[in-house]
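Written below as structure tokens is the structure these notes are about.
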Amino acid sequence: MSKNIAVLAGDGIGQEVMPQALKVLDAIQKKFSFSLQYHQGLIGGAAYDEFGEHFPQATKALCQQCDGILLGSVGGPINEAHLPKWKNCEVNALLALRKLFELSTNLRPVRMYTGLEASSPLRLERLIDVDILFVRELVGDIYFGEHKRFIEAGKRVATDQAYYDETQIITVARQAFDAAKLRGHKVTSVDKANVLDTSKLWREVLMEVGRDYPDVELNHMLVDNCAMQLLLNPSQFDVIVTANLFGDILSDLASAIPGSLGLLPSASLNLKGFGLYEPSGGSAPDIAGKNIANPIAQILSSAMMLRYSFAQEQAANAIEQAVNRSLQAGYCTQDIYVEGRQCLGTEEMTEKIIEEINNPSLG
């Protein structure tokens, strides 16, 4: 196998963690005898410095010529959000990427790693067997509806339209049910059907699609209750499928369970299997350039790319096992440090993971 990857490090810690993921991919392709070709491109503030725009044509063309996209992060400091370099950076870059490639579904796994229980804000008894897959619709809802600001009766007014059609919902629903068949055979659909018409349609469609999957249990839960249940009893969930806005919020909330966004990868896929793979966290400019950022989310995102876009399941599993072994051995980065663990820098943590990949017992 030989595949071409568009590598977009982006901004902030993306510039640090992306090279670490590539080191891991270098090690894994040697171990499993396949070939990956990296093609570097600019996006976000880094692209603005060079091209005066966040998602230049050169980057679009590069991505269109590759078999998958590995993204770091985009965006700058909150106190500089008004500057041209950062204004609407995420919208112009990340959302534009999703729209261009019709990346309709986001997969974000959240699991509890053995040995990191002290990093979680939850009590130990609530962390047993936590392994959740969030399946989030990605190209509809309030993010892609009409946005307006205007003056009405002398007052400033703003509106954001939430929009869904049944095809968008069917697409993400089927991906959720298919995923559940490979896991615990349980789907929890999260909505706000007691208030929102988009959620009422969402629930109707999920029930219709669910009839095609008699071996998968379907439950419905209101979003506010789901937020509470994720903290009270997260192990009750297997696959959570939800709309764009709710998925954005809930998956970030769930990131607190293992203790850090720096542990959580994600995949955004279209119907053809083409994918964008990125950490769930942001650019974290406050810690950029200090060799303290956690590279694990970026590394695990590359493992998801091997699994979902390139059908390299064994290689993906090996990366995930190497990460698990490194954490179980007591190594960590600053964001998940607790007393008794050995705190390493970004590069040093990656070296420990690569040592595990090269361990003959891993395979």
Computed Rg/Rh for the range 175-294 (Cα atoms; Rh = Kirkwood radius) stands at 1.01
Projected area of the range 217-355, taken from the Cα convex hull and averaged over every viewing direction, in nm²?
10.2
Convert 4 °C to kelvin, take the viscosity as 1.567 mPa s, use the Kirkwood radius over C-alpha pairs of the chain as Rh, and evaluate the Stokes-Einstein diffusion coefficient in µm²/s, rounded to a whole number.
61
Using 0.36 nm per residue, how much length does the chain from Ala329 to Phe34 gain when fully extended, once their Cα-Cα distance is taken away?
103.3 nm
Length-normalised contact order for the chain - Cα pairs under 8 Å, 6+ apart - percent:
22
Indicate the helices, whole DSSP H runs only, in the chain that combine a mean Kyte-Doolittle hydropathy of -1.0 or more with a Cα extent along their long axis of 24 angstrom or more.
14-32
Among Ser302, Ser199, Ser266, which one shows the highest mean-square fluctuation when the chain is modelled as a Gaussian network with alpha-carbon springs under 10 Å?
Ser199
By the scheme Lys and Arg +1, Asp and Glu -1, what is the net charge of all other residues having a beta-carbon under 10 Å from that of Lys23?
-3
Quick check on the chain: helices-only [θ] at 222 nm, where DSSP H runs of length 4 and up contribute -39,500 (n - 2.57) each and the sum goes over total residues. Nearest 500, please.
-11000 deg cm²/dmol
Place a point 7 Å from the Cα of Arg126 along the Cα-to-Cβ direction; which residues of the range 233-261 have their backbone N under 15 Å from it?
233-237, 253-260
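In percent, what relative contact order does the range 57-176 have, based on Cα pairs under 8 Å that are 6 or more apart in sequence? Walk me through the numbers before you get to the answer.
Values: 111 pairs, mean separation 23.6, N = 120.
The value is 20 percent.
For the range 215-275, what is the convex hull (Cα atoms) projected area averaged across all directions, in square nanometres?
Average of the hull's projected areas for the range 215-275 equals 5.5 nm².
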Ranked by accessible surface with a 1.4 Å probe, highest first, in what order do Tyr277, Tyr331 come?
Tyr331, Tyr277
Within the range 43-67, whose backbone N sits under 20 Å from a point 7 Å along Cα→Cβ of Val91?
43-49, 52-57
Thr188: net charge of surrounding residues, Cβ under 10 Å, Lys/Arg +1, Asp/Glu -1, itself excluded?
-1
Fluctuation leader among Leu138, Leu116, Leu263 - the chain, Gaussian network, Cα springs under 10 angstrom
Leu116
Could you identify which residue out of Gly52, Gly154, Gly140 has the top mean-square fluctuation in a GNM of the chain using Cα springs shorter than 10 Å?
Gly154
How high is the relative contact order of the range 86-135, given as a whole-number percent (alpha carbon pairs under 8 Å, six or more residues apart)?
43
In the structure shown, do any of Lys272/Lys352; Lys60/Lys192; Lys87/Lys352; Lys99/Lys192; Lys85/Lys148 have a Cα-Cα gap over 31 Å, and if so which?
Lys272/Lys352; Lys60/Lys192; Lys87/Lys352
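The values are calculated or read from the model by the stated rules, or taken from the named source; none is laboratory data. These figures come from a predicted structure and were not determined experimentally. Backbone-built Cβ (ideal geometry, glycine too); neighbour counts: all protein chains shown. SASA here: full protein model, heavy atoms, side chains in, ligands and nucleic acids out. Shrake-Rupley method; radii C 1.70, N 1.55, O 1.52, S 1.80 Å.
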